[in-house]
1. Which of the residues belonging to the range B:17-45 are surrounded by 19 or more Cβ atoms within 10 Å (Cβ to Cβ), in a loop (DSSP other than H, G, I, E, B) and within 14 Å of chain A (Cβ to nearest Cβ)?
2. Take the range B:229-243 and flag every residue that is among the hydrophobic types (A, V, I, L, M, F, W, C) and crowded, with 23+ Cβ neighbours inside 10 Å.
3. Could you check, for the range A:317-331, whether at least one of its residues is in contact with a helix residue (DSSP H, G or I) (Cβ under 9 Å, 6 or more places away or on another chain), within 14 Å of chain B (Cβ to nearest Cβ), of a type in the set (Phe, Trp, Tyr) and touching a residue at least 12 places away in the same chain (Cβ under 8 Å)?
4. Looking at the range A:586-669, what helices (runs of 4 or more DSSP H) fall wholly within it and have at least 3 residues that are modelled with pLDDT of 90 or more and charged (D, E, K, R)?
5. Yes or no: residue B:104 surrounded by 13 or more Cβ atoms within 10 Å (Cβ to Cβ), more than 10 Å from every other protein chain (Cβ to nearest Cβ) and touching a His at 6+ places or on another chain (Cβ under 6 Å)?
6. Consider only pairs whose beta carbons are under 9 Å apart and that are at least six residues apart or on different chains; among these, list those whose first residue lies in the range B:264-282 and is at the interface with chain A (Cβ under 9 Å from one of its Cβ atoms) and under 10 Å from residue A:305 (Cβ atoms) and whose second residue is among the basic types (Lys, Arg) and in a helix (DSSP H, G or I).
7. Here are the criteria: (1) surrounded by fewer than 24 Cβ atoms within 10 Å (Cβ to Cβ); (2) under 23 Å from the mean Cα position of the chain (by Cα). Tell me which single one residue A:164 does not satisfy.
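The values are calculated or read from the model by the stated rules, or taken from the named source; none is laboratory data. Source: prediction; values computed, not measured. In this analysis, Cβ positions are derived from the backbone assuming ideal geometry, glycine residues included, and neighbour counts consider all displayed protein chains.
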Amino acid sequence: MKNPDIQKQLSEEQLRIGVFICHCGLNIAGTLDIKELVEYSKTIPDVVFVKENRYTCADPGQEEIRKGIKDQRLNRVVVAACSPRMHEATFRRAVSEAGLNPFLYEMANIREFASWCHPNNPKKATEKAKDIIRIAVAKARLLRPLEIIEVPVTNKALIIGGGIAGMNSALDLAEMGFKVYLLEKGESIGGHMAALDKTFPTLDCSICIEGPKMVDVSRHPNIEIIANADLIKIEGYVGNFKAKIRKNPRFVIQEKCTGCGECKDACPIEYPNEWDCELGTRKAISLPFDQAVPLIYTINRDYCIECYKCIEACGAREAINFDQEPEEIVIDVGAIIVSTGFDVYLPYDMPLIGYGKYSNVITSMEFERLILAAGPTYGKVIRSSDGKKPSAIAFIQCVGSRDKHKYPYCSNFCCMYTLKHVVQLKEKYKEDIDIYVFYMDMRSPGKGYEEFYDRAREKGVIFIRGRVSRIDEDPRTKNLIIISEDSALGQPIEVEVEMAVLATASIPKKGSDELARILNITRGSNGFFMESHPKLKPMDAPTDGVFFAGACQGLKDIPYSVSQGSGAASRAATVISKSKWKIEPIITVIDEKRCKNVTSKCGICVDRCPYGAIRVEESQPARVIEASCHGCGTCVAECPHDAITQMHFTDEQIMAQIRAALANNPENKILAFLCNWCSYAGADLAGTSRFEYPTSVRALRVMCSGRVDRDFILEAFRLGAGMVIVAACHLPYDCHYINGNWKMKTRMDALASMLKKLGISPERFRVEYVSAAEGAHYANLIKEVDNQMLALGKDKIQAENQKIHPVLERILERKKQK
Amino acid sequence: MPLKKVKKNTATELSLEWILHVKNYRLTLDKKYCVNCQICSLACPKEAIIIDKQKEKQDINKLDIDLKKCNFCGICDIICPFGAFKITQNGEKSISVVEKKSFPRLIRNIKINSSACPKECTDCESSCPLELIKISKKNFDGKHINYIDKMSKNQKNRIKIEINIKKEHCPTCRVCEFKCGSGLIKVQKNIEGKILINQEKCPSECRKCVDACPIPEALDISKDLKKVQVNELFCVYCGACKVACPVDKALVLKRTKIYHTPASSGAWNKALKKLTSQSDAIKEFKAKGSMKAKEMVSRKFSFDEVIR
């Protein structure tokens, strides 16, 4: 560490710890007895000052902390309030403003972990809160001052996904002066909006308003469009990402293609056009749509027969090259914006609706492509069975959405686009068409949306409030009979129509799981990417430097996506506008005197580090590359010689926390090690959601489950713990440090079998997986473990502990002597 | 309605269909005409046609087409010597590779001088191994005549003979040409080649190739030697015998030339290489090349002459 003298000085200096207990309005004070906590805190050794506050995070509360540090000459601060994931940064700043090193501060989570999750058990919750404060003080005693590390920042951004949200982010960032790479998987940017005919509620032609934007994106000197390309890998961290991208071959040379289209006219092969929802076809060499940007043709080699008529037609331009190979490039960026959008659910697996079976049942997206003037039917809405215009048409809402068995959420914009469709039809065909809309609720909350609903009703569209249970087909006419409930009549009804349009659910885009793995971000329970905080940070990913824009984070319509695109650009700019980015110094340090590689070849830490951040040479002690270290702590737990330590999460600090947690009545306690990104967040969510669970659990926070050393578990059992849990991010890919959880699993599997052999009941030590979205899962886990603990009984637990005690003493004694 | 890809395999036909909202692509293989040769499988640019050699001919056709690979280009329709394929778009017979000149057509040159036909002759109709020839007799005002025995000699002389040949199914085996007693038929073979049977490898008592061959006159078992014999005059080089032969290299079949309409197409070059061989294909390209050179030179010189 930087200043050994200061360290020595601090260890000799007398500890003066201040404890600030927050009411958080009634959030904490409503359940816990604050007075009792204050009195208790005064009794903890080395605590010289205790203060309670209504809202510690607000200005007056922070002023109290600053005052306390100055007046009382405090050299450690503990704030007992909400979760560190909430306000650790706030209080660190307050502490540093008072002149104390911000890393001499520790948070005691008595809101999410005590008052919120035990609302009906105030006495026990208060006891638990006392333990939590004591644990925090135990760690605070051993905290050491740390200095922030600064790394240079690449002032460029990568935007994944070229839809309306991504394009807006690109334009904003480019206007601010930053270089932007706009990566698009498809052949052209534009996204779903480019496939639409009109947009609600203005009934603007969609491509007419988006086309100029697409051209702006292609013309802007700061934007580089990388289309027809896939993201392979991302390495690095905020401010310093390295992205590996594979450009897939179009077999047409970008610089030479003029977009004239003569090759398309000469091509004999047609295949179903995905852009048209496979209603129509496109040639083997073609554009996805006429306004594509970049305007370059692509050959689909799956269908091309290589007759080379296109080369003949291209002639002197020589733009076609069948030998094109995929090209891999690596780009350096400082921030990443994810704007990959959504997919449409195709209800092939709903047999009662008849999609895919009956020829006149289509989805809303397919309807959009029919009524589009540039679509496969040139704007005529015709039935597939006989090519005639339908005289009666039904629109069915919530197909797959708001459905317990399919997608429980509301898909946000289907009510509005159905209103748009019915208005378009009525304006086109007037009295010649009868329109029925079967709905549960008409959700039209945006600006001008309710007026649009009025317009649809005034046009004579019949709205029937009721769920459609099935659709039958008349085999002769291919007409459809819609069987639904009409809640106004209170009866089931049957309506015969000639065409049915299903407003199906919008679902997370295919490939999101792969992208989540590459970027190390999680997806929420509905499959959309999880934001850092749903209310206050909807555009940030929990991983620093990654931001979200558009429907990939949660379904939204065009104006909202545009807004979020600009918002994400601004968030990304907070990173890439700086020349240096501050990194938390929670990194690992190797004790050169202890590293065994000097005498005999080791290198275990090099192998175990998920980031390859440790280097070792023969007969030299291993070295940590500071800028690459992400602070998971896996190497600390893996080093068999205890030669590595993690700043702010040292073995001594965690051991002190364990001892404090198990000081009273250990047999009735569950000791849980939670990783900061997933399981600790999941436990927080359990509290935020007010899921109640037993008060016996004492949770300790580590950055990654990979940090949890075997010795921690052994020490816990040595001190007589009842149950021990290690909770990590889900396998296989959710770990925020790539694979710390896998290292933990291997380690703990071996430990579990050892403990079993020594006579510990197998249910007393568990490895579990809890994601940040799984509050309920965490609560149920604690309930289950508590029940098991009660079933085993205090006597049995004590007996097992006593039996194993001498063995553990020996193992841990050996460790201490090292 | 969303795209439906349908494959139906019945005893009489194998059909593949792309049913889109506004278009319908259909490929039909008529099993009546399919002889399980290998030509379509070699020519298909997507390698979508698979010949399962293990299946017996009796009820199950050996041919299968992969719905995922077929792009309805129509090359199989053009190249099948027996005309077993039919590609339609929206119900109408339409082959896009022909319309865009991406593939040439096979030349089926069959000439019959029917005005000189003897009035009671049925040689060609009875000799065609695939029953493609239909003779219809019409009197001077165009009505069909069914019985001519009771006619007088004068009446018989005034009968007009019309010979209808289903050309699209004709593999140009030339049996009719040789069986015609009056020498009125001229057929040009559209595929030339060589066929050899390695008598040592050919197992005795095996009739597989003979049974598979659609032209009885081409492959036969000689009565005395009890070995398989080939009459190359009538062989159409389709390869059905090769598919059926159980012994590797017992039957060697090579196609050397295919007569087709003019073509400049990468797809044709590839198909030609697969159907014939690398060297034969190169011969054709060289010939085409020299034709093109001759054309260019003559154009240039005649142009210069005009200027002079």
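1. Residues satisfying the conditions are B:20, B:21, B:44, B:45.
2. Listed by number, the residues that qualify are B:235, B:236, B:238, B:240, B:241, B:243.
3. Within the range A:317-331, one or more residues are in contact with a helix residue (DSSP H, G or I) (Cβ under 9 Å, 6 or more places away or on another chain), within 14 Å of chain B (Cβ to nearest Cβ), of a type in the set (Phe, Trp, Tyr) and touching a residue at least 12 places away in the same chain (Cβ under 8 Å).
4. A:651-661
5. Taking the combined requirement at face value, the residue satisfies it.
6. B:265/A:309; B:266/A:309; B:267/A:309
7. (1)
Here is a yes/no grid of residues against (1) in contact with an Asp or Glu (Cβ under 8 Å, 6 or more places away or on another chain); (2) of a type outside the set (Ser, Thr, Tyr); (3) free of Cβ contacts under 8 Å to residues at least 12 places away in the same chain:
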residue	(1), (2), (3)
A:579	no, no, no
A:585	yes, yes, no
A:589	no, yes, no
A:592	no, yes, no
A:606	no, yes, no
A:610	no, yes, no
